[in-house]
Amino acid sequence: MKNTKQKLIIEQVDRKLRVLKPLEMIIVPKNGWVNTIRVALKMSLKQLGKRMKITMQSVSEIEKREATGTITLKTLNEAANALNMRLVYGFIPKENSLEEMIEKRAREIATEIVLRTSNTMKLEDQENSEDRINNSVKNKTEELIDTMPKYLWD
């Protein structure tokens with residue numbers, strides 16, 4: 001990657017994300033974390049409501065919204081504080097790293113570009129060998145990784 005600042009940013013973010021990777025195996029409880037922690041602590045809706053300065057009906061609504069995925073991070077953070085917990089929030093790449101994500105996407109685009117050119121050449125009876133196509137894809141992938149053009153994520 002030519003842009004050393006961008007490369008450094010990617011490496012730093014990858015380091016931070018790597019710490020979260022083991023957490024991807026955690027299964028969120030069916031009723032959500034707020035309900036699960038509250039029940040484990042034998043804390044009533046009323047008691048949690050008192051700690052949050054809201055009604056027990058509002059706590060019940062929070063638990064329902066978490067279970068359905070419609071809760072805000074702000075509300076989750078407030079509930080966590082009331083339960084004497086910390087809300088931890090992050091993303092885990094589906095690939096192993098941001099670098100791998102970038103490489104995969106660059107390879108996809110490079111393949112499209114090279115095959116488009118190759119098809120045009122085939123129509124003109126100037127077909128390339130498979131090795132030459134693979135080499136072109138590899139070179140174009142490296143170029144895309146180096147330049148990281150804006151269209152990489154289109």
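The values are calculated or read from the model by the stated rules, or taken from the named source; none is laboratory data. None of these values were measured; they are calculated from a predicted model. Don't worry about glycine lacking a Cβ; one is built from the backbone with ideal geometry, like all the others, and counts go over all protein chains shown.
Observations on the model:
- If the condition is being assigned to a helix (DSSP H, G or I) and either farther than 22 Å from VAL88 by Cα or under 30 Å from the mean Cα position of the chain (by Cα) (or both), then the range 45-60 contributes LEU45, LYS46, GLN47, LYS50, MET56, GLN57, SER58, VAL59, SER60.
- Pick from the range 80-110, criterion of a type in the set (A, V, I, L, M, F, W, C) and under 20 Å from the mean Cα position of the chain (by Cα), ranking: nearest to LYS140 (Cα to Cα): ALA106
- Per-region count, the range 1-14, residues surrounded by fewer than 16 Cβ atoms within 10 Å (Cβ to Cβ) and outside any loop (DSSP other than H, G, I, E, B): 9
- When the range 75-96 is limited to residues that are modelled with pLDDT of 95 or more and part of a loop (DSSP other than H, G, I, E, B), the one that is nearest to MET148 (Cα to Cα) turns out to be LEU87.
- Being buried (at least 16 other Cβ atoms within 10 Å of the Cβ) and in the same structural domain as GLY32 (by TED's automatic domain parsing) holds for only one residue in ILE102, ILE109, ILE54, and it is ILE54.
- Any hit, the range 116-136, residues being touching a residue at least 24 places away in the same chain (Cβ under 8 Å) and either outside any helix (DSSP H, G or I) or β-branched (Val, Ile, Thr) (or both): no
- Residues considered: LEU76, LEU41, LEU17. Of these, the only one that is surrounded by 11 or more Cβ atoms within 10 Å (Cβ to Cβ), closer than 30 Å to GLU100 by Cα and not acidic (Asp, Glu) is LEU17.
- Subset tally (residues that are of a type in the set (D, E, K, R) and in contact (Cβ under 8 Å) with a residue 24 or more places away in the chain) for the range 45-69: 3
- Candidates ALA110, ALA80 - the one that is closer than 30 Å to ASN135 by Cβ and not β-branched (Val, Ile, Thr): ALA110
- Residue count for the range 20-44 under the criterion of being in a loop (DSSP other than H, G, I, E, B) and touching a residue at least 24 places away in the same chain (Cβ under 8 Å): the result is 4.
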